[in-house]
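All remarks here apply to the structure that follows.
Quick note: the coordinates plus some simple rules give every number you see, no bench work behind them. Remember, it's a predicted structure, so these values are computed and weren't measured experimentally. We place every Cβ from the backbone using ideal geometry, glycine too, and count neighbours over all the protein chains shown.
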Amino acid sequence: MQNLKAIVIGAGIGGLTAGIALRQAGYEVEIYDRVKEMRPVGAGISVWSNGVKVLNRLGLGDRMAEIGGIMNRMQYHTKAGELLNYIELAPLIHKVGQRPYPVARRDLQKMLMAAFPGEVHLDCRCIGVEEDDHGVTVQFINGREARGDFLVAADGIRSVLRSYVVGREVEPQYVGYVNWNGLVPADAELSPPESWVIYVGEHKRASLMPVAGDRLYFFLDVPLPKGTPANPDTYREELKAHFAGWAEPVQRLIDRFDPYTVARPEIHDVGPIDRYVRGRVALLGDAAHATCPDLGQGGCQAMEDALVLANYLLTTNISIEYALKRYESERMARANAVVEKARKRAEQIHGKDPAVTQQWYHQLATEKPTDVTDAISKVILAGPLR
């Protein structure tokens, strides 16, 4: 099945990783994206060990290490700053065989763009696809068309192509909270070096993670009704109110960030859905399984998709359709389970049932650190690269 041509819709983490993996497997690849210029959505991302292993397999491990932050421990604190749990990550790294890396999204996307040996066609908004016995034809709103042997739909949580594959509209679900996130200069007054620090209370979170360039990736979670107005002019005032009385590092963080560089998504997920593939069209990443960020697995699952897809296409010679169905079978079992687990985690953290969240706070204070790392490793080791 060599020398075939893949059309990839979407130049995010999943689409670019798929493009790299498919090119390395010997395929011709064209990537298209609707945006006029590449602007990553969100400031940072946790690339846990399963995602890093995919990048290692693609020869990008050294570059990932250069842009990733060194994170050797997690520290949970109450909103007032009292230590709930101190978790060394060395046991996790030893168990799974790879260090995780928090990373700035812009750095990760630039790295993947540089590693893809081809052109990414921008300002190409996909509006539909047609299949025949020999391939696929993709239509764009500008009148352009692209022809290939198969199509990878990596066009995100609001995928245009998902309804074609699934046979019905699948709307993203709001999971109940808003997430402010951005980057600030690293400072021991905000967070100790090499530490992921999380403050919890009142069904909210404040988090700081190290990334390369002597910076911290932060996020602040607040349960809010869907459609709550957003205005950067008032972000600082709003967050001061939401986190009134919280520990001093949280107050310093709110004082220091630039509100005009902060992202503020309402957190949604997609799925689990019962189909990732139709004919020669395969959903990948958020188009198939947009995941709450509460497990840090969204980008990692897209990377796993890309590797598994390329492997089945490379090793299965019955037909393209057969290879894609093998991909679908493996990835639905894996990624749908992560979607459900991440949603439950989001509900646990953000007070869908206040009693459950209070129980979680108690658990944080009493569980062994190795229980935490064992739970994380279980998610990581369920992936294709163990």
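See the values below:
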item	result
Cβ crowding within 10 Å averaged over residues, with 87-93, 178-184, 363-369, 45-51 ranked highest first	45-51, 178-184, 87-93, 363-369
Label-point separation, residue 378 to residue 28 (7 Å along Cα→Cβ), nm	4.8 nm
Fewest-first ranking of 107, 214, using other Cβ atoms within 10 Å as the exposure measure	214, 107
nm² value of the averaged projected area, convex hull over the Cα atoms of segment 28-85	7.3 nm²
Euclidean distance of C-alpha centroids, segment 183-197 and segment 98-119, integer Å	22 Å
Convex hull per residue volume in Å³, alpha carbons only, for segment 136-267	178 Å³
Choice from 267, 141, 157 with maximal GNM fluctuation in the chain (Cα, 10 Å cutoff)	141
Cα principal axis extents for segment 28-129, largest first, Å	52, 33, 25
Helix-only [θ]222 nm of the chain, DSSP H runs n ≥ 4, -39500 (n - 2.57) each, per residue, nearest 500	-11500 deg cm²/dmol
Segment 144-221 - charge dipole about Cα centre, Lys and Arg +1 at Cβ, Asp and Glu -1, debye rounded to 20	360 debye
Distance from segment 351-385 to segment 266-314 (C-alpha centre basis), Å	23 Å
